[in-house]
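Undergrad: I'd like to ask some things about the structure below.
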Amino acid sequence: MAGALREAIVDWYGVAARDLPWRRAGVGAWGVLVSEIMLQQTPVARVLPVWEDWMERWPTPAALADEPPGEAVRHWGRLGYPRRALNLHACARAITDDHDGKVPSTYDELRRLPGIGDYTAAAVASFAYGGSHAVLDTNVRRVLARAVRGEEFPPKATTAAERTLAESLIPEVDAPRWAVAVMELGALVCTARAPRCADCPVAGECAWRLAGRPAYDGPARRGQTYAGTDRQCRGRLLAVLREAHGPVPKPALDAVWSDAVQRERALDGLVADGLAEPLADGTYRLPGTVI
DNA sequence: GATGCGTGGGA
DNA sequence: TTCCCAAGCAT
């Protein structure tokens, strides 16, 4: 019966899959790795143009490794979580220095690269190298929670039970195809907000739907305002550095956030994180950049 | 295990 | 308008 579920989802993927550039033939492991890091907590629609620009500019890890880290941050644009740009740059240097310029192919090697956790290591090993891993992202967790466990949403943190279930579903043949198919189902049909059960290839065997789509009764899943936070302040400051064509005088940073205490804390945080660099003359710039 | 970390679009 | 959340990771 697990086999029937898998087959229905993989068949659906055959006709419903999006034509995403990092899925096309000829895209190497570097392109896959770049896409996976950009897609961490970021919608596909916003990643698309940045990925295209990035791959044209830096088609290999060595090309990116030759740049100062600040250039990666600059071209990250407004994708958010800019530490990922630093992580990708550090990946490029580690790949160049320690892996002969080639993105490593095993889960364990990938997992040791900066900013690569369980999901991303499994995804790259699967999608770039055909490996067989449980690729457990938020989409897959939601699909399995509904179809198998009969609950609207998965637990807040990944549990051992979820992992065991995901591993039990890995097919012996073409595991990456199953992994990308079930992810795609979660992204397009079995969505968080308004699932399109009418279009779902496994609606007839979905435990949650068969139970009448009972509402989630677990602990509150959210609650986090953004306005006024250090995160927003950091974002404002970094945007100034990104868009500047030279070292930025302190007053230009002061202008974008009125609370001086919070502003200084945020700026110190950016410097500590390696996202900003103070110069001897009191100006600031993206780390290592010249222009 | 709980927190901090950006951003923008859709409901 | 406000709220939710989108292929997570590190501490």
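The values are calculated or read from the model by the stated rules, or taken from the named source; none is laboratory data. These numbers were taken from a predicted model, which means no experiment stands behind them. Because the Cβ atoms are built from the backbone with ideal geometry, glycine has one as well, and the counts that use them run over all protein chains shown. Heavy atoms of the whole protein, side chains included, go into the accessibility calculation; ligands, DNA and RNA do not. Shrake-Rupley method; radii C 1.70, N 1.55, O 1.52, S 1.80 Å.
Undergrad: Being modelled with pLDDT of 95 or more, within 15 Å of the chain's Cα centre (by Cα), among the β-branched types (V, I, T) and open to solvent by less than 40 Å² (accessible area, probe 1.4 Å): is that true of A:V140 here?
TA: yes
Undergrad: When the residues of the stretch A:88-113 are narrowed to those that are outside any loop (DSSP other than H, G, I, E, B) and aliphatic (A, V, I, L, M), which ends up nearest to A:L39 (Cα to Cα)? Steps first, please.
TA: Our first condition is that a residue be outside any loop (DSSP other than H, G, I, E, B); within the stretch A:88-113, this holds for A:88-98, A:107-111.
From what is left, the residues that are aliphatic (A, V, I, L, M) are A:88, A:90, A:92, A:94-95, A:110.
Values: A:L88: 12, A:A90: 17, A:A92: 17, A:A94: 21, A:I95: 20, A:L110: 17 Å.
Ranking the candidates gives A:L88 first.
Undergrad: Whether any residue in the stretch A:236-243 is open to solvent by 20 Å² or more (accessible area, probe 1.4 Å), farther than 24 Å from A:A72 by Cβ and part of a helix (DSSP H, G or I) is what I want to check.
TA: No, there is no match, as no residue in the stretch A:236-243 is open to solvent by 20 Å² or more (accessible area, probe 1.4 Å), farther than 24 Å from A:A72 by Cβ and part of a helix (DSSP H, G or I).
Undergrad: Which one of the conditions (1) away from DNA strand B (no atom under 16 Å from the Cβ); (2) out of contact with any Lys or Arg (no Cβ under 8 Å at 6 or more places or on another chain) does A:T120 fail to meet, given that it meets all the rest?
TA: (1)
Undergrad: Being closer than 12 Å to A:L136 by Cα, part of a helix (DSSP H, G or I), open to solvent by 30 Å² or more (accessible area, probe 1.4 Å) and not basic (K, R) is the filter here, so list the residues in the stretch A:162-182 that pass it.
TA: Those that are closer than 12 Å to A:L136 by Cα, part of a helix (DSSP H, G or I), open to solvent by 30 Å² or more (accessible area, probe 1.4 Å) and not basic (K, R): A:T164, A:L165, A:E167.
Undergrad: Just name the residue that is farthest from DNA strand B (Cβ to nearest atom) out of those in the stretch A:192-217 that are without any contact (Cβ under 8 Å) to a residue 40 or more places away in the chain and not hydrophobic (A, V, I, L, M, F, W, C).
TA: So, considering only residues that are without any contact (Cβ under 8 Å) to a residue 40 or more places away in the chain and not hydrophobic (A, V, I, L, M, F, W, C), the one farthest from DNA strand B (Cβ to nearest atom) is A:G204.
Undergrad: Identify the residue in the stretch A:67-121 that is among the hydroxyl-bearing types (S, T, Y) and open to solvent by 10 Å² or more (accessible area, probe 1.4 Å) and, among all such residues, is nearest to DNA strand C (Cβ to nearest atom).
TA: Per the stated criteria, the residue is A:Y119.
Undergrad: Scan the stretch A:149-161 residue by residue and report those that are within 16 Å of DNA strand C (Cβ to nearest atom) and surrounded by 12 or more Cβ atoms within 10 Å (Cβ to Cβ).
TA: A:E151, A:E152, A:F153, A:P154, A:P155, A:T158, A:T159
Undergrad: If you check every pair at least six apart or on different chains, which have Cβ atoms under 9 Å apart with a residue in the stretch A:263-288 that is touching a residue at least 60 places away in the same chain (Cβ under 8 Å) and within 16 Å of DNA strand C (Cβ to nearest atom) first and a residue that is open to solvent by 50 Å² or more (accessible area, probe 1.4 Å) and not polar (S, T, N, Q) second?
TA: Pairs that qualify, where the first residue is touching a residue at least 60 places away in the same chain (Cβ under 8 Å) and within 16 Å of DNA strand C (Cβ to nearest atom) and the partner is open to solvent by 50 Å² or more (accessible area, probe 1.4 Å) and not polar (S, T, N, Q), are A:D273/A:R83; A:D273/A:R234; A:G274/A:R83; A:L275/A:R83; A:L275/A:R234.
Undergrad: Looking only at residues in the stretch A:1-11 that are at pLDDT 95 or above and open to solvent by 30 Å² or more (accessible area, probe 1.4 Å), which one is nearest to A:K102 (Cα to Cα)? Step through it out loud before you land on a result.
TA: Pass one, the stretch A:1-11, residues at pLDDT 95 or above: A:6-11.
Remaining after also requiring open to solvent by 30 Å² or more (accessible area, probe 1.4 Å): A:6-7, A:10-11.
Details: A:R6: 33, A:E7: 34, A:V10: 30, A:D11: 33 Å.
So, considering only residues that are at pLDDT 95 or above and open to solvent by 30 Å² or more (accessible area, probe 1.4 Å), the one nearest to A:K102 (Cα to Cα) is A:V10.
Undergrad: Search the stretch A:183-197 for residues being among the aliphatic types (A, V, I, L, M), under 15 Å from A:D11 (Cβ atoms) and within 19 Å of the chain's Cα centre (by Cα), and hand back the single one that is least open to solvent (accessible area, probe 1.4 Å).
TA: The initial filter retains those residues of the stretch A:183-197 that are among the aliphatic types (A, V, I, L, M), namely A:183, A:185, A:187-189, A:192, A:194.
Now drop any that are not under 15 Å from A:D11 (Cβ atoms), which leaves A:185, A:188-189.
If we keep only those that are within 19 Å of the chain's Cα centre (by Cα) as well, we get A:185, A:188.
Details: A:L185: 2, A:L188: 47 Å².
Taking the candidates together, the pick is A:L185.
Undergrad: Name, by its number, the condition in (1) closer than 27 Å to A:R177 by Cα; (2) more than 9 Å from DNA strand C (Cβ to nearest atom); (3) open to solvent by 40 Å² or more (accessible area, probe 1.4 Å) that does not hold for A:Q40.
TA: (2)
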